[in-house]
Amino acid sequence: MNRYHLTHVTEFQYDGPVSESYNEVHLRPMHDDKQSCLSFRLVTAPNSQVSSYRDAFGNWVHQFNVFAEHHRLTVHSESVVLAHEVPSDGSASMTLSEFEAQGEELCEEHFDFIAPTTYVPHLPKLAELVEAASQTSGGTVLGFVEASSDLIHQGFRYVKGATHVHSSVEDSLSLGAGVCQDFAHLMLGVVRLRGLPARYVSGYLVPEPKNNGKGSLEEVIGGQASHAWVEVFVPRIGWLGFDPTLGKPAGLRHVRVAYGRDYGDVPPVRGVYKGHAGQRLSVDVRVRPAVDDEGHEVLQEPAPRLVEETTPEREQQPQQQQQ
């Protein structure tokens, strides 16, 4: 079934009193022709008044403030999403030589998704990957994008803790390793250097059933469920999703929450607080089918289980205590 129930719980525990906590989150899944967000709920503890708006990229952003003194902050989101089959015609892809003739027009239309960013600078080292992908592309734009994803999947190791939330493409290139956020940034760097618009996608990966015999990499990623991948604008076809971490196109198990130029535009949770206290961040993400094999809803929630965060989640930043 392509109907999923998602819960995302973020908890900050402080070792002293804090106050005036200002926060924004990107947690509501997208609602468009590829997926329907059937329901969404956001709850905070301490309780707060939540407001929302759509940002420049069309993402839902929720904001809330906690002014009272507190030692713990919990952000709990819950949603149900229905994924849709959207056919695409890969044979319509233009050749690389045809693309070069209209590259300037694409740059003007999608400048934000081609220009270098803090996480995705246009580094000379990326030129080697661009050249390698061009040689194995079969001469088409779609072939180049697929080759870029394959090169990153095959050439870089998935290693938890190899990088941190603020790591850039340069860190991944030096280490030859990273996590899904790093691989998404690497692919953005490669295709953008070739002149193709590409955007960072933050979302969830629905794990495969445990008895399917898949390899261990997907089990590691699916175990946390939070995920990141890339969408590339392929002329004559449109925006297509690619997952360089898994080495395959994004499909029905990829639930999109937000997209931007890089991770900095769409962290799941971002905020500041007033106080000298340190903090401990824990996150629990659960993604599972919302209906069973007989089509009945399965929305019973198991007891919360908070785990140490290993996926791209942004911690709150302390403000200077006012005297």
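The values are calculated or read from the model by the stated rules, or taken from the named source; none is laboratory data. This is a predicted model, so every value here is computed, not measured. Note: ideal-geometry Cβ built from the backbone for every residue, glycine included; neighbour counts use all protein chains shown.
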Out of 145, 179, which single residue is over 18 Å from the mean Cα position of the chain (by Cα), under 22 Å from residue 263 (Cβ atoms) and of a type in the set (A, V, I, L, M, F, W, C)? 145
Looking at the stretch 84-106, is at least one residue more than 22 Å from residue 5 (Cα to Cα) and modelled with pLDDT of 95 or more? no
Selection count where residues are among the hydrophobic types (A, V, I, L, M, F, W, C) and over 16 Å from the mean Cα position of the chain (by Cα), scope the stretch 3-41: 6
Tally of residues being surrounded by fewer than 21 Cβ atoms within 10 Å (Cβ to Cβ) and not in a strand (DSSP E or B) across the stretch 251-274: 6
Residues of the stretch 56-84 that turn out to be closer than 24 Å to residue 206 by Cα and in a strand (DSSP E or B), as a count: 13
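Among 191, 159, which is without any contact (Cβ under 8 Å) to a residue 60 or more places away in the chain, of a type in the set (Val, Ile, Thr) and surrounded by fewer than 20 Cβ atoms within 10 Å (Cβ to Cβ)?
Answer to the selection: 159.
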When the stretch 67-103 is examined, which residues are found to be within 30 Å of residue 282 (Cα to Cα) and either among the hydrophobic types (A, V, I, L, M, F, W, C) or without any contact (Cβ under 8 Å) to a residue 24 or more places away in the chain (or both)? 67, 68, 73, 75, 80, 81, 82, 83
Among (1) modelled with pLDDT of 85 or more; (2) assigned to a helix (DSSP H, G or I), where does residue 115 come up short? (2)
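Name the residues in the stretch 166-176 that are closer than 24 Å to residue 205 by Cα and either more than 19 Å from the chain's Cα centre (by Cα) or not assigned by TED's automatic domain parsing to the domain that holds residue 227 (or both), would you?
176
So which of 147, 198 is touching a residue at least 12 places away in the same chain (Cβ under 8 Å), of a type in the set (A, V, I, L, M, F, W, C) and touching a Leu at 6+ places or on another chain (Cβ under 8 Å)?
Just a single option satisfies the conditions, and that option is 198.
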Of the conditions (1) more than 15 Å from residue 245 (Cβ to Cβ); (2) in contact with a His (Cβ under 8 Å, 6 or more places away or on another chain), residue 180 clears all except one; give me its number. (1)
What pairs can you find where one residue is in the stretch 104-131 and within 21 Å of residue 182 (Cβ to Cβ) and surrounded by 16 or more Cβ atoms within 10 Å (Cβ to Cβ), the other is modelled with pLDDT under 90 and aliphatic (A, V, I, L, M), and their Cβ atoms are less than 8 Å apart, with a gap of 6+ or different chains? 114/106
Could we say that residue 53 is in a strand (DSSP E or B) and either in contact with a helix residue (DSSP H, G or I) (Cβ under 9 Å, 6 or more places away or on another chain) or without any contact (Cβ under 8 Å) to a residue 24 or more places away in the chain (or both) here? yes
In the stretch 1-26, which residues are under 22 Å from residue 53 (Cβ atoms), out of contact with any His (no Cβ under 6 Å at 6 or more places or on another chain) and of a type outside the set (D, E, K, R)? 6, 8, 10, 21, 22, 23, 26
Checked the stretch 37-62 for anything among the polar types (S, T, N, Q) and surrounded by 16 or more Cβ atoms within 10 Å (Cβ to Cβ); matches are 44, 48, 59
Within the stretch 12-23, track down each residue that is of a type outside the set (Gly, Ala, Ser) and either buried (at least 19 other Cβ atoms within 10 Å of the Cβ) or not in a strand (DSSP E or B) (or both). 12, 14, 18, 23
